[in-house]
Amino acid sequence: MNWARTLLDGTVLCLIFNMMIALLWIFIPGSFKNMLPAEIRKAAPPRKKKEVIILACVLYPLYILIFAYMIVSSHMAGVTGFANLFWTGYIEMMFINLGDFIGLDYWFRKVSMKKVMIPGTEHCKAWETKTWMLTLGIPEHLGLWPFVFCPLTGLIVAGVSMLVYR
């Protein structure tokens, strides 16, 4: 495993992913309705079809490009073996997770509250940092991501790399 490359790639992927999400969240806050705490989801108006399409047209290609980058970068760095490829993908996705947790869920949301708040949800207590972190941030980023998304990413990176670069 190439630690330097893994850490650098993780940092770059974290920055790219979280900047794209931050931009989308500022310009189309309503599209993230289903990804927010339950109290906000209930208070928010229904999402417009256009918002959903834009979100999908950005998120799906973004994830595909991230996976492709991880696979090609691992190959270019000379990472071999299923376990090494798995842990490379896992660690790089964990960087994205931590950037999302600290950068988006904590800092960005706090700093850009007025820009990312969905109209009609101003009264929700879920926008407060403590409530947000307890209902969304901590369960998602310390539970779901490390035990579901990061291992799936590791398996995808390792599996595809082993198939493509035999």
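The values are calculated or read from the model by the stated rules, or taken from the named source; none is laboratory data. Please read all numbers here as calculations on a predicted model, not as lab measurements. Cβ: placed from backbone, ideal geometry, glycine included. Neighbour counts: every protein chain shown. In case anyone asks, the SASA skips ligands and DNA or RNA and just uses the protein heavy atoms, side chains included. Shrake-Rupley method; radii C 1.70, N 1.55, O 1.52, S 1.80 Å.
What is region 1-62 by shape, rounded, prolate or oblate, if you read a ≥ b ≥ c off the alpha carbon gyration tensor as root eigenvalues and call it rounded for a/c under 1.5, prolate for a/b larger than b/c, and oblate otherwise?
prolate
Write down the Å³ per residue value for the convex hull defined by the alpha carbon atoms of region 1-150.
Normalising the Cα hull of region 1-150 by residue number yields 103 Å³.
Which of rounded, prolate, oblate describes region 31-110, given a ≥ b ≥ c as roots of the alpha-carbon gyration tensor eigenvalues and a/c under 1.5 marking rounded, otherwise prolate only if a/b is larger than b/c?
Because a/c hits 1.5 or more and a/b exceeds b/c, region 31-110 counts as prolate.
Give me the angle, in degrees from 0 to 90, between the Cα long axis of helix 82-98 and the longest principal axis of the Cα atoms of the chain, rounded to the nearest 10.
Compared with the principal axis, the helix lies near 20 degrees.
Which whole-number percent is the relative contact order of the chain (Cα, under 8 Å, 6+ apart)?
Across the chain, relative contact order equals 39 percent.
In whole Hz, what ³J(HN,Hα) sequence does region 105-122 give by Karplus (6.51, -1.76, 1.60; θ = phi - 60°), x for Gly and Pro?
Listing the rounded values in order: 5, 9, 6, 4, 4, 5, 6, 10, 3, 5, 7, 9, 6, 6, x, x, 10, 4 Hz.
Taking the Cα atoms only, what angle lies between the long axis of helix 49-76 and the longest principal axis of the chain, rounded to 10 degrees?
Relative to the chain, helix 49-76 is tipped by roughly 20 degrees.
Between region 117-140 and region 23-58, what is the separation of their alpha carbon centroids in Å?
Rounded to whole Å, the Cα centres lie 14 Å apart.
Let me confirm the definition first: pairs of Lys residues in region 14-137, 8 or more apart or on different chains, C-alpha distance under 23 Å. How many are there?
Lysine pair count for region 14-137: 26.
How charged is the neighbourhood of MET70? Take every other residue with its Cβ under 15 Å from the Cβ of MET70, and add Lys/Arg as +1 and Asp/Glu as -1.
Local net charge: -1.
Taking the Cβ of MET1 as the center, what net charge do the other residues with Cβ under 14 Å away carry, scoring Lys and Arg +1 and Asp and Glu -1?
-1
Relative to the first principal axis of the alpha-carbon coordinates of the chain, what is the inclination of helix 150-164, with its axis defined by its Cα atoms, in degrees from 0 to 90 and to the nearest 10?
40
With +1 on each Lys and Arg Cβ and -1 on each Asp and Glu Cβ, how big is the dipole of the chain about its Cα centre, in debye rounded to the nearest 20?
560
Would you mind telling me the share, in percent, of accessible area of region 1-76 contributed by carbon and sulfur at probe 1.4 angstrom?
75
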